[in-house]
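Visitor: Take this structure first; my questions come after.
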Amino acid sequence: MTKVGFIGLGLMGGPMAANVARAGYELTVFNRTPEKAKHLADLGAYVAGSPKEVAARSEVVITMLADAVAVTAALEGEAGLLAGVAQPLVWIDMSTVSPDETRALSARAMEANVDLLDAPVFGSTGPATDGTLGIMVGGTEKTFERQRDLLGTMGKHIFYMGPSGSGALVKLCFNLMVAAQVESLAEAMVLGAKGGLDLRQVGQVITASGINSNLIERKIENITGGDYAPAFPLRHMHKDLGLMIDTAKSLGVALPTTAVNHQMFNAAKARGHADEDFSAIYPVIAEMAGLGG
Ligand code: NAP
């Protein structure tokens, strides 16, 4: 069985790595904050002291990190992944980074005999735990086909999108709609609340209508319950909106609604909601309306 490494055991990476371990792969893991690796040690994974050690022990390394800064930190330096490459290595980066960042990482990796697939995901902590994520892959198709089984331990809907950066691009297209829907849900709920409607009833009307979805249903629960425990932390949605704006700029595309949403998430971050779920955009809009949130 392929020797697999996993770097980044946060909200998503923790349960995803557990699914790889449960599928029987010989697994080596690393996380900057080592305590988050404990449940994987309990599943039989070897806990490495650095990304370098992960690379040295693996044929395929998966990263699930916050952003390109975190990915670069894991990649470079004396203790970095590239320093541990002893044989041709496949690297699957499942973090959400931009297509341009992905292509730069891919070129850098290639110099060290590392073949990078970009494979960001849709679905939050629930699908990460159940192994039912959506996975969108860019890179060499032959490399992708060889890793299909491994990806299948973490995801149910797996798409090969095209050359390097294609997975990263479709992830941004998808999240653009997620941000817009939750932002507009929050605005609708604030309008109703300010006009004196019962928030739960507004939620019931929306969920009974044709605009309902799993996403809308879960976010209505967050808003009506005032519970913003993070499934998808707001700081990551803020980061993704910034990546959409950068990508739109380099492709010559106008994204007016996304630009406004980026500003709204700037405000939410500045008001201390960064580590909450991104549905915490609701209290920000409520406050702008003179409501208590
Ligand atoms: P998270 O819980 O914040 O975990 C982030 C991971 O990155 C942790 O392992 C963290 O290490 C590591 N990290 C952050 N900065 C670092 C640095 N400078 N150097 C080294 N390691 C660093 O995030 P998550 O929710 O799992 O998300 C991971 C990625 O998946 C993000 O790109 C996010 O946009 C994407 N994503 C998330 C969801 C979701 O619903 N949560 C859904 C789809 C995609 P520490 O533990 O030491 O902080």
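Any read-out appearing in this document is the output of simple, stated calculations on the displayed coordinates, not a laboratory observation. Bear in mind that the values here come from a model prediction, so they are computed numbers and not experimental data. Cβ coordinates were reconstructed from backbone atoms using ideal geometry, including for glycine residues, and neighbour counts include every protein chain displayed.
Visitor: Using a/c under 1.5 as the rounded threshold, could you call segment 1-54 rounded, prolate or oblate? The axes a ≥ b ≥ c are square roots of the C-alpha gyration tensor eigenvalues, and prolate needs a/b larger than b/c, oblate otherwise.
Guide: Oblate.
Visitor: Could you sort 158-166, 86-94 so that the peptide with the highest average Cβ count within 10 Å comes first and the rest follow in order?
Guide: With the highest mean Cβ count within 10 Å placed first, the list reads 86-94, 158-166.
Visitor: On to the next question. Who wins for biggest fluctuation among M16, M136, M110 in a Gaussian network model of the chain, springs between alpha carbons below 10 Å?
Guide: Looking only at M16, M136, M110, the largest GNM fluctuation is found for M110.
Visitor: I've got another one for you. Just to check I understand the Karplus step: with θ = phi - 60° and J = 6.51 cos²θ - 1.76 cosθ + 1.60, what whole-Hz values come out for segment 51-67, glycine and proline as x?
Guide: x, 4, 5, 4, 4, 5, 9, 10, 9, 10, 10, 9, 10, 9, 10, 4, 6
Visitor: Quick one: net charge around N222, please, counting Lys, Arg +1 and Asp, Glu -1 for every other residue with C-beta under 14 Å from its C-beta.
Guide: Taking every other residue near N222 into account, the sum is -3.
Visitor: Sorted by average packing, counted as other Cβ atoms within 10 angstrom per residue and highest first, what order do 62-70, 258-266 take?
Guide: 62-70, 258-266
Visitor: Can you give me the long-range amide H partners of E26? Hydrogens built in the peptide plane at 1.01 Å from N, cutoff under 5 Å, separation of 5 or more residues or another chain.
Guide: So E26 has HN proximity to V4.
Visitor: Counting Lys +1, Arg +1, Asp -1, Glu -1, what net charge surrounds A83 among other residues with beta carbon under 14 Å of its beta carbon?
Guide: Local net charge: -1.
Visitor: List every residue whose amide H lies under 5 Å from the amide H of W91, counting only residues 5 or more places away in sequence or on a different chain, with H placed 1.01 Å from N in the peptide plane.
Guide: V61, D115, L116, L117
Visitor: Only bridges with both residues in the chain count here: give the DSSP antiparallel percent, nearest 5.
Guide: Taking every DSSP beta bridge within the chain, about 15 percent pair in antiparallel fashion.
Visitor: Next question. Roughly what % antiparallel, to the nearest 5, for the DSSP beta bridges in segment 56-151?
Guide: Of the beta bridges lying entirely in segment 56-151, close to 25 percent run antiparallel.
Visitor: Sticking with this structure for a sec: Roughly how big is the chain's charge dipole about its Cα centre, with Cβ charges of +1 (Lys, Arg) and -1 (Asp, Glu), in debye to the nearest 20?
Guide: So the dipole magnitude of the chain works out to roughly 80 debye.
Visitor: Do any GluC sites (Glu not before Pro) in segment 1-60 lie in a loop, going by DSSP, with at most 16 other beta-carbon atoms within 10 Å of their beta carbon, and if so which?
Guide: Passing sites in segment 1-60 are E59.
Visitor: Among N222, N31, N214, which one shows the highest mean-square fluctuation when the chain is modelled as a Gaussian network with alpha-carbon springs under 10 Å?
Guide: N214
Visitor: Also: What shape does the chain have by the C-alpha gyration tensor, where a ≥ b ≥ c are the square roots of the eigenvalues, rounded means a/c under 1.5, and otherwise prolate means a/b greater than b/c and oblate the rest?
Guide: prolate
Visitor: Now for a separate question. Quick query: amide H of I158 versus all other amide H atoms, modeled in the peptide plane; which residues come in under 5 Å with a sequence gap of 5 or more or a different chain?
Guide: I135
Visitor: Please turn the phi angles of segment 123-130 into ³J(HN,Hα) values with the Karplus equation 6.51 cos²θ - 1.76 cosθ + 1.60 (θ = phi - 60°), one per residue in order, whole Hz, x for glycine and proline.
Guide: In residue order, the calculated couplings are x, 9, 5, x, x, 5, 6, 7 Hz.
Visitor: Could you derive backbone 3J(HN,Hα) for segment 149-164 from the dihedral phi with the Karplus parameters 6.51, -1.76 and 1.60 (θ = phi - 60°), listing whole Hz in sequence and x where the residue is Gly or Pro?
Guide: Rounded to whole hertz, the list is 5, 4, 4, x, 6, 10, x, 10, 10, 10, 10, 8, 9, x, x, 3.
Visitor: Can I ask one more? Alpha carbon centre of segment 199-255 versus segment 95-113: separation in Å?
Guide: 28 Å
Visitor: What residue among R32, R57, R271 shows peak mean-square fluctuation when the chain is described by a Gaussian network model with Cα springs under 10 Å?
Guide: Fluctuation is largest for R271.
Visitor: Here's another thing I want to ask about it. If you take the square roots of the eigenvalues of the alpha-carbon gyration tensor of segment 22-141 and sort them as a ≥ b ≥ c, do you get rounded (a/c under 1.5), prolate (a/b over b/c) or oblate?
Guide: Because a/c hits 1.5 or more and a/b fails to exceed b/c, segment 22-141 counts as oblate.
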